[in-house]
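Q: What follows is a single structure, and I will ask about it in a moment.
The values are calculated or read from the model by the stated rules, or taken from the named source; none is laboratory data. None of the values given here were measured: they were computed from a predicted structure. Every residue, glycine among them, receives a Cβ derived from its backbone with ideal geometry; neighbour counts consider all protein chains shown.
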């Protein structure tokens, strides 16, 4: 039976960070358990190929329950199932969120997580192509790059957004988020740079770090109120990984609450419903689920420099030989944060814009050149939950987002779709547009736009919040040091601890959470955030 000082569950955006930072101490033994396999697929490495991982063995392939406010339809929730987790499957968009988000975390009972506290961790992680300044760092393990081969129509999208009244943003990851700009990306020389690339692979040379893949976690071992290890199954054999110091759950906003619930930790009624013995009642486990819903305004264009037929052999060859061309694209290349009505404290809509037809997560295709202008709701007021379908660890968790439950959420998306059309109506983009494909010219009135939104709404792969962090809030699962309330030897460190979803893509803040978690675990918070060199293989 394996044992270690620290047992980490999940080799995703957060788990890889923790494995590296904790194993920097040569006197500490670290064990990392990952249910998926390796990340060697070409669909991981080629940026534009990320949708090819959907519905494969590299995807947990979740779906929600029928959503009551979205015409009763189920919504797809992809989650990465390999080394790197969802950072090996996402669209690689480097977005931190706005300072307000983290100050809100602190304000509702998470001291030490305000903007001034977390900024040093963002900077420590970065090797930003723009260099070091007040808001950015260099020398860290995370490669933050400019786009390698952006489509020329991206400039048209940007200029038309400006013409529609959206200001240019100089740094949407700095003190002010609002405005339009090209995305920075998690890439190095035209290929994906996941958490596994940044943190795990350099650290795997350390003798004090062990990584076990193909390990499905069955539950936690408890001795009274102390967690002592992790039960898992690998190749049909069950084993227990003992933790001398702590177990850290980094299985994500779906996986972490599911593991807690399988272990009898959670809402007593939810557990009894599926026959799980209540070991530690903690009503908030699995609640407070948030995600960013979106949909696209889709336009046929006469510009041929789009991602249409990007998988042709000549483009594959260009990527293989030069790491350039269409396949380096993240699909969404232009980013804009906007407030759709007066009085909002921050943007309620983020636009993902690119030279592609992106509908139904890439499953629906269009035979021609197109652009997408996709309003994404980044400040949702609706909340959902994750709970067990069965006490069988192999059964997928049940998920309900309650997307569009709050009328303000629908109101913002209607305004976002109208603004998408305004952008398309401005030059230089207007003269490139042949026709509006979706919603379509017949969809004009607010009521019709609302119907279209409910019909086509998708989630943009940012589930968070199901193990809420707070020292004081009702329903909190972990405290401000990420320790599970009422238990010893157990922390959660991943996107599930976010009290409020960040305004933007969630990979960067998830890595930040893990960076700070490592310092909390090692007792280094309060002494100032060190800025070590890029994560190395040698134990430091």
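Q: Residues in the stretch 228-237 that are in contact (Cβ under 8 Å) with a residue 12 or more places away in the chain and not in a strand (DSSP E or B): how many?
A: Residues flagged as in contact (Cβ under 8 Å) with a residue 12 or more places away in the chain and not in a strand (DSSP E or B) within the stretch 228-237 amount to 1.
Q: Name the pairs: first residue in the stretch 191-205 and under 10 Å from residue 88 (Cβ atoms), second residue modelled with pLDDT under 95 and buried (at least 24 other Cβ atoms within 10 Å of the Cβ), Cβ to Cβ under 7 Å, at least 6 apart or on different chains?
A: No pair meets every condition.
Q: Looking at residue 215 and the list (1) touching a strand residue (DSSP E or B) at 6+ places or on another chain (Cβ under 6 Å); (2) surrounded by fewer than 23 Cβ atoms within 10 Å (Cβ to Cβ); (3) under 19 Å from residue 19 (Cβ atoms), which single condition is not satisfied?
A: For residue 215, the exception is condition (2).
Q: Still on this structure, please answer the following. Examine the stretch 238-261 for a residue that is under 28 Å from residue 288 (Cβ atoms), modelled with pLDDT of 95 or more, touching a strand residue (DSSP E or B) at 6+ places or on another chain (Cβ under 7 Å) and part of a loop (DSSP other than H, G, I, E, B), and state whether such a residue exists.
A: Scanning the stretch 238-261, I find at least one residue that is under 28 Å from residue 288 (Cβ atoms), modelled with pLDDT of 95 or more, touching a strand residue (DSSP E or B) at 6+ places or on another chain (Cβ under 7 Å) and part of a loop (DSSP other than H, G, I, E, B), so the answer is yes.
Q: Return the residues of the stretch 443-469 that are surrounded by 19 or more Cβ atoms within 10 Å (Cβ to Cβ), on the phi < 0 side of the Ramachandran plot and part of a loop (DSSP other than H, G, I, E, B); say none if nothing qualifies.
A: Result: 457, 460, 462, 463, 466, 467, 468.
Q: Also: Could you check, for the stretch 7-15, whether at least one of its residues is over 26 Å from residue 388 (Cα atoms), within 19 Å of the chain's Cα centre (by Cα), touching a residue at least 12 places away in the same chain (Cβ under 8 Å) and not in a loop (DSSP other than H, G, I, E, B)?
A: Checked against the condition, which is being over 26 Å from residue 388 (Cα atoms), within 19 Å of the chain's Cα centre (by Cα), touching a residue at least 12 places away in the same chain (Cβ under 8 Å) and not in a loop (DSSP other than H, G, I, E, B), the stretch 7-15 yields no hits at all.
Q: When you scan the stretch 140-164, how many residues do you find that are touching a helix residue (DSSP H, G or I) at 6+ places or on another chain (Cβ under 9 Å) and either without any contact (Cβ under 8 Å) to a residue 24 or more places away in the chain or within 30 Å of residue 203 (Cα to Cα) (or both)?
A: Residues in the stretch 140-164 being touching a helix residue (DSSP H, G or I) at 6+ places or on another chain (Cβ under 9 Å) and either without any contact (Cβ under 8 Å) to a residue 24 or more places away in the chain or within 30 Å of residue 203 (Cα to Cα) (or both): 7 in total.
Q: Let me ask something additional. Identify the single condition in (1) surrounded by fewer than 23 Cβ atoms within 10 Å (Cβ to Cβ); (2) more than 23 Å from the chain's Cα centre (by Cα); (3) closer than 23 Å to residue 352 by Cα; (4) touching a residue at least 24 places away in the same chain (Cβ under 8 Å) that residue 440 does not satisfy, given that it satisfies every other one.
A: Condition (4) is where residue 440 drops out.
Q: Going through the stretch 22-33 one residue at a time, which ones are out of contact with any strand residue (DSSP E or B) (no Cβ under 7 Å at 6 or more places or on another chain) and either over 13 Å from residue 141 (Cβ atoms) or buried (at least 24 other Cβ atoms within 10 Å of the Cβ) (or both)?
A: Across the stretch 22-33, the qualifying residues are 25, 26, 27.
Q: Condition check: under 14 Å from residue 7 (Cα atoms), in contact with a helix residue (DSSP H, G or I) (Cβ under 9 Å, 6 or more places away or on another chain) and at pLDDT 95 or above. Does residue 227 satisfy that?
A: no
Q: Then there's this: What is the number of the single condition among (1) touching a strand residue (DSSP E or B) at 6+ places or on another chain (Cβ under 7 Å); (2) part of a loop (DSSP other than H, G, I, E, B) that residue 511 does not meet?
A: Residue 511 satisfies every listed condition except (2).
Q: Continuing with this model, one more query. Given the conditions (1) farther than 24 Å from residue 130 by Cα; (2) touching a strand residue (DSSP E or B) at 6+ places or on another chain (Cβ under 6 Å); (3) outside any loop (DSSP other than H, G, I, E, B), and given that residue 200 satisfies all but one, which numbered condition is not satisfied?
A: Against the list (1) farther than 24 Å from residue 130 by Cα; (2) touching a strand residue (DSSP E or B) at 6+ places or on another chain (Cβ under 6 Å); (3) outside any loop (DSSP other than H, G, I, E, B), residue 200 comes up short only on (2).
Q: Please determine whether any residue of the stretch 306-322 is within 24 Å of residue 429 (Cβ to Cβ), modelled with pLDDT of 95 or more and loosely packed, with under 14 Cβ neighbours inside 10 Å.
A: Yes - at least one qualifying residue is present in the stretch 306-322.
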